[in-house]
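What follows is a single structure, written as structure tokens, with notes after it.
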Amino acid sequence: MKITKATYLISSPSFDLCPKLQAPEYAFIGRSNVGKSSIINAIVQQKNLAKTSGTPGKTQLINHFEITSNSGAKISDKWYIVDLPGYGFAKVSQSSRRRWEQMIENYLRKRPNLCRVFVLIDSRHAPQKIDLEFIEQMYQWEIPITLIFTKSDKEKPGVVARNVKAMMDTLKENFAFLPEAFVTSAEKKEGVAEVIACLDRYNQLYKDEINNI
């Protein structure tokens, strides 16, 4: 799949204000400062589509980006990437935190064209409780997920491999089916092509389901 165009569409303060779209969309979420915007920019091959920041909690809205791509055919596909607020240590009030949590839950559980949630995990660290709790919530809500381990270039390969294995082993203890996972570096573009191929595969599945209705 080749992404030919990626543009910012809209930022919404709540689920009910999100645009009504008829194409598949994929949400990206992770702990604050996990490198979410950098991965999105690497996928679409732009430097500043998603705004990066060293300040945790910078993303506070549901941000939609419209993507146009093709997979070798003349017909272009249109789909969406959604940048969700991070969870974790953002310095916000309890009321703001709860508002974000409710906004995210409503979006994840009620968005009809949401195909998959990409959960981003910092590969530099051993399994974190906050990531495990979020993944467990996704399983409880029966929301399909894919894991993206980020910042693999920021730590020794052996450490990254051990952390990834520890996470997958921990998930194996609690869940019968493990999610697909990719190890990535936005800076060095490692693993990015594999994530794009994954998105292409789910776009095709979405089209097949629509055609069979």
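The values are calculated or read from the model by the stated rules, or taken from the named source; none is laboratory data. Because the structure is predicted, anything quoted here is derived from the model rather than measured. Every residue, glycine as well, gets a Cβ built from its backbone with ideal geometry; the counts of neighbours run over all protein chains shown.
Mind telling me which of the residues Leu171, Leu199 ends up being assigned to a helix (DSSP H, G or I) and touching a residue at least 40 places away in the same chain (Cβ under 8 Å)?
Leu199 is the lone residue from the list that is assigned to a helix (DSSP H, G or I) and touching a residue at least 40 places away in the same chain (Cβ under 8 Å).
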Please go through the stretch 181-196 and pick out each residue that is part of a loop (DSSP other than H, G, I, E, B), small (Gly, Ala, Ser) and touching a Lys or Arg at 6+ places or on another chain (Cβ under 9 Å).
Ala186
Looking only at the stretch 42-89, which residues are at pLDDT 90 or above and more than 22 Å from Pro19 (Cα to Cα)?
Ala42, Ile43, Gln45, Gln46
So Ile210 passes all but one of these: (1) of a type in the set (A, V, I, L, M, F, W, C); (2) within 20 Å of Ala27 (Cβ to Cβ); (3) in contact (Cβ under 8 Å) with a residue 24 or more places away in the chain. Which condition number does it fail?
(3)
